[in-house]
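The values are calculated or read from the model by the stated rules, or taken from the named source; none is laboratory data. Just so it is clear, the model here is predicted, and its values are computed rather than measured. Here the Cβ is made from the backbone with ideal geometry for all residues, glycine too, and neighbour counts use every protein chain on show.
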Amino acid sequence: MAQRKNHLAMLGLLVLCAACSPNEKLAPVSRGEPGKGDAGAEPDGGETGTEDDLFAELPEIAPTASGRGGAAATVDLRGTLAAIEVLKKGGNAVDAAVAAASVLGATDPFSCGVGGGGFMLVYLAADNKVVAIDHRETAPSGLEASAFYENGAPIAFDDLVTSGLSVGVPGTVRGWSEALRRYGTLGLKDVLQRAIQVAEAGFAVDKTFFEQTGRNLARFQAITSSKELFLGPDGEAWPVGTVFKNPDLARTYRLIAEGGERAFYEGEVAEAIVAAVREPPIEPGSTLNVRPGVIAPADLQDYEVRVRPAISTTYRDYTIHGMGLPSSGGITVAEALNLLEGFDLETLTPVEVLHRYLGASRLAFADRGAFLGDPEFVEAPVAGLLSKDYADARRDLIDLDKAPTGAAAPGDPFAFQTDPSPSPGGGQSARRGDAGPNDAGDNETTHITISDAAGNIVSYTCTIEAEGGNGMVVPGHGFLLNNELTDFNVPSDPAAPHPNVAEPGKRPRSSMSPTIVMKDGKPELALASPGGSTIITTVLQILVGHIDLGLPIDKALAAPRISQRNASSGSSDAETAFLGTPEAEGLEALGHVLSDANTTGGEIGAATALRFNGDGTVTAVAEPVRRQGGSAMVEQAP
Ligand code: GLU
């Protein structure tokens, strides 16, 4: 990748150190409720107003764009615009991804931010290889699995969600720093400038932001710092149209811009994180039981990013690169694809295709639940799970004529291990255990897909886990802490072994599935989605829709979703738009039980994708409807 350039001069961003006024309630803009990313009522004092300032006049939001040069798709207009801005000024896809993610930390604070972590998959065009930057949150060194039990019984999941106990040591800032150092052309100081400006100048609250605040209302009201930032003087969500400013976040970003990653992992930010975790800032009189956690200053200081190889499989004419452990995403997608490869999906009816898709996903999830965990603690049978022979042996468990009942048992991938060497870091053998909670939350997390003119690609999923993460804003610093440690399994029997139980320094198993697809040695697609464990099925359904059913990538993203994750009930979650369709009726006739996803989390997966077309153009696609739709842009429109 290109040499580092003169950072600030190249970006040409003027950051105004405006006196930061508190959030102002403005009348909703005259067009009615502004859509996500709608310029709305722009505040004064933030925009530079120069001719090449892309933010001076925000364009209309669009979920699809085709053209040449680089491209970007995110859930938010400003996030996408920040990426395009960096690309136009000569930065590469990694620079642009960090710029976009940091802006989303301001505009989409309930989904991602410096209080969380993520997985960034990078295709390095010059080397023709895919690498993965794992900046997953990590259990603090003082956290034993027993911390999740009281009186011999697991602490209720909902209680862990808002607690110091579930906060993992955040990885995002070190992840950004490592990504830029290894593969970027700019430094943190350069790429954070737009996020500083957006946080400081503010933006109009839109319907999604308003609703996300509303779903967090009870706990924000109970936590002093969260109440101060996200609620108005009446203790309610800021109404649509309010200019929402976050000067504390701007200051945090500025500290990181000036001091680098150490300004986050040591000093006042680190101290504030430790204090919030160990003594949650509870509103006087609140009855919410927010248990303290055990993060210590050394946990932050010692946090390490892992740069890992991507995991890869072939699917028909394609090579699929995904995220390996500690995410289960890439392995589970790959196993399901290997199972599906044995069916000639092109020749089948939509119901027959979906029946096989659900069956493959069910079996792959059975293995996910039993075998996968942090590779530094668990010797997971990854080679076996990825083996085509294993898929061939397991495929017959899909009854072609009727839906299965109940949950599938895991298979025996150990018999198919071609590489007996231990996983990186070695550790104890994988142990079978229960399949874990069948999480179906869909409003959290976000996925960013970006490419540059040199052909580099970033497929980056970042998160703070639940929508609103832990619910705790770090006082004085304007960002929410994650509750990522709820991704550990907490078996009802504390002595029950499981590869994904909490251990000091361990990373909880994730479902995040950033994906890059190659064909004939060239990039074809980059994609992924938020959505907890439904991320895996969303990626799978999009790949089947596009590759096997021939749907254009925007249609594959928009299609109503159905998700089978080996629930003990045997049922599959379906979006409301899927229920009542001929496909739904056909599946029900085969015995499938479909649950309305609206009862378990609403929409399934606001994905983003890039498609690299044969003529040298690129199509960027964001979700058109879910979460009010995202934003896709290209560097050079045709
Ligand atoms: N905690 C989730 C995971 O790592 C984040 C993804 C999501 O919930 O959307 O799988």
Item to check | Matching residues in the range 449-482 - criterion: being within 16 Å of the ligand (Cβ to nearest atom), touching a Phe, Trp or Tyr at 6+ places or on another chain (Cβ under 6 Å) and not in a loop (DSSP other than H, G, I, E, B) | outcome: THR461
Checklist entry - Taking the range 491-504, which residues are surrounded by fewer than 17 Cβ atoms within 10 Å (Cβ to Cβ) and at pLDDT 95 or above? => result PRO504
Checklist entry - Of the numbered conditions (1) of a type in the set (Ser, Thr, Tyr); (2) under 20 Å from GLU60 (Cβ atoms); (3) touching a Lys or Arg at 6+ places or on another chain (Cβ under 9 Å), THR608 satisfies every one except a single condition; which is it? => result (3)
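Report whether or not LEU325 is more than 27 Å from the chain's Cα centre (by Cα) and either within 16 Å of the ligand (Cβ to nearest atom) or assigned to a loop (DSSP other than H, G, I, E, B) (or both). Write out each step before concluding.
Numbers: more than 27 Å from the chain's Cα centre (by Cα): no; either within 16 Å of the ligand (Cβ to nearest atom) or assigned to a loop (DSSP other than H, G, I, E, B) (or both): yes.
Against the criterion (more than 27 Å from the chain's Cα centre (by Cα) and either within 16 Å of the ligand (Cβ to nearest atom) or assigned to a loop (DSSP other than H, G, I, E, B) (or both)), LEU325 does not qualify.
For residues that are in a loop (DSSP other than H, G, I, E, B) and touching a Lys or Arg at 6+ places or on another chain (Cβ under 6 Å), scanning just the range 542-568, find the one that is nearest to LEU525 (Cα to Cα). Walk me through it before giving the result.
Taking the range 542-568 as the starting set, the residues that turn out to be in a loop (DSSP other than H, G, I, E, B) are 549-552, 559-561, 564-568.
Among the residues that remain, those that are also touching a Lys or Arg at 6+ places or on another chain (Cβ under 6 Å) are: 564, 566.
Numbers: GLN564: 24, ASN566: 28 Å.
If we take residues in the range 542-568 being in a loop (DSSP other than H, G, I, E, B) and touching a Lys or Arg at 6+ places or on another chain (Cβ under 6 Å), then GLN564 is nearest to LEU525 (Cα to Cα).
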Checklist entry - Of all residues in the range 142-187, how many are in contact with a strand residue (DSSP E or B) (Cβ under 7 Å, 6 or more places away or on another chain) and of a type outside the set (Lys, Arg)? => result 12
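Regarding TYR315, is this residue in contact with a strand residue (DSSP E or B) (Cβ under 9 Å, 6 or more places away or on another chain), in contact (Cβ under 8 Å) with a residue 12 or more places away in the chain and of a type in the set (Phe, Trp, Tyr)? Reasoning before the result, please.
On the way: in contact with a strand residue (DSSP E or B) (Cβ under 9 Å, 6 or more places away or on another chain): yes; in contact (Cβ under 8 Å) with a residue 12 or more places away in the chain: yes; of a type in the set (Phe, Trp, Tyr): yes.
It is true that TYR315 is in contact with a strand residue (DSSP E or B) (Cβ under 9 Å, 6 or more places away or on another chain), in contact (Cβ under 8 Å) with a residue 12 or more places away in the chain and of a type in the set (Phe, Trp, Tyr).
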Checklist outcome for this item: Selection over the range 291-319 where residues are buried (at least 24 other Cβ atoms within 10 Å of the Cβ) and farther than 20 Å from ARG174 by Cβ yields a count of 0
Item to check | Members of the range 201-258 that are at pLDDT 95 or above, buried (at least 19 other Cβ atoms within 10 Å of the Cβ) and of a type in the set (Ser, Thr, Tyr) | outcome: THR213, SER225, SER226, THR242, THR252, TYR253
Checklist entry - If GLY330 passes every condition in (1) in contact with a helix residue (DSSP H, G or I) (Cβ under 7 Å, 6 or more places away or on another chain); (2) buried (at least 22 other Cβ atoms within 10 Å of the Cβ) but one, which one does it miss? => result (1)
Checklist outcome for this item: Taking the range 590-622 and keeping residues part of a loop (DSSP other than H, G, I, E, B) and more than 25 Å from ARG356 (Cα to Cα) leaves ASN613, GLY614, ASP615, GLY616, THR617
Checklist entry - So which residues in the range 483-508 are assigned to a helix (DSSP H, G or I) and under 14 Å from the mean Cα position of the chain (by Cα)? => result GLU484, ASP487
Checklist entry - If we scan the range 363-371, do we find a residue that is in contact (Cβ under 8 Å) with a residue 40 or more places away in the chain and more than 25 Å from VAL593 (Cα to Cα)? => result yes
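Which one is surrounded by the fewest Cβ atoms within 10 Å (Cβ to Cβ) among residues in the range 507-526 that are small (Gly, Ala, Ser) and more than 16 Å from the ligand (Cβ to nearest atom)? Walk me through how you get there before you give the answer.
First pass over the range 507-526, keeping only residues small (Gly, Ala, Ser): 510-511, 513, 521, 526.
Now restrict to residues that are more than 16 Å from the ligand (Cβ to nearest atom): 521, 526.
Details: GLY521: 7, ALA526: 31.
Out of the qualifying residues, it is GLY521.
Could you name every one of the helices (runs of 4 or more DSSP H) located completely within the range 91-202 that has at least 2 residues being away from the ligand (no atom under 16 Å from the Cβ) and in contact with a Lys or Arg (Cβ under 7 Å, 6 or more places away or on another chain)? Walk me through how you get there before you give the answer.
Values: elements: 93-107, 157-161, 172-183, 188-191, 193-201.
Of the helices (runs of 4 or more DSSP H) lying wholly inside the range 91-202, those with at least 2 residues that are away from the ligand (no atom under 16 Å from the Cβ) and in contact with a Lys or Arg (Cβ under 7 Å, 6 or more places away or on another chain) span 93-107, 193-201.
Determine if the range 103-121 includes at least one residue that is more than 19 Å from the chain's Cα centre (by Cα) and hydrophobic (A, V, I, L, M, F, W, C).
Of all residues in the range 103-121, those more than 19 Å from the chain's Cα centre (by Cα) come to none.
Checking the range 103-121: not a single residue is more than 19 Å from the chain's Cα centre (by Cα) and hydrophobic (A, V, I, L, M, F, W, C).
Here is a check on your reading of the model: is ALA528 modelled with pLDDT of 95 or more and under 20 Å from the mean Cα position of the chain (by Cα)? It would help to see each step written out before you state the result.
Details: modelled with pLDDT of 95 or more: yes; under 20 Å from the mean Cα position of the chain (by Cα): yes.
Spelling it out, ALA528 is indeed modelled with pLDDT of 95 or more and under 20 Å from the mean Cα position of the chain (by Cα).
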Checklist entry - Taking the range 328-358, which residues are closer than 29 Å to PRO375 by Cβ, more than 16 Å from the ligand (Cβ to nearest atom) and hydroxyl-bearing (Ser, Thr, Tyr)? => result TYR357
Next on the checklist: I'm told THR138 meets every condition in (1) at pLDDT 95 or above; (2) among the β-branched types (Val, Ile, Thr); (3) over 22 Å from ARG262 (Cβ atoms) except one. Can you identify the failing condition by its number?
Outcome noted: (3)
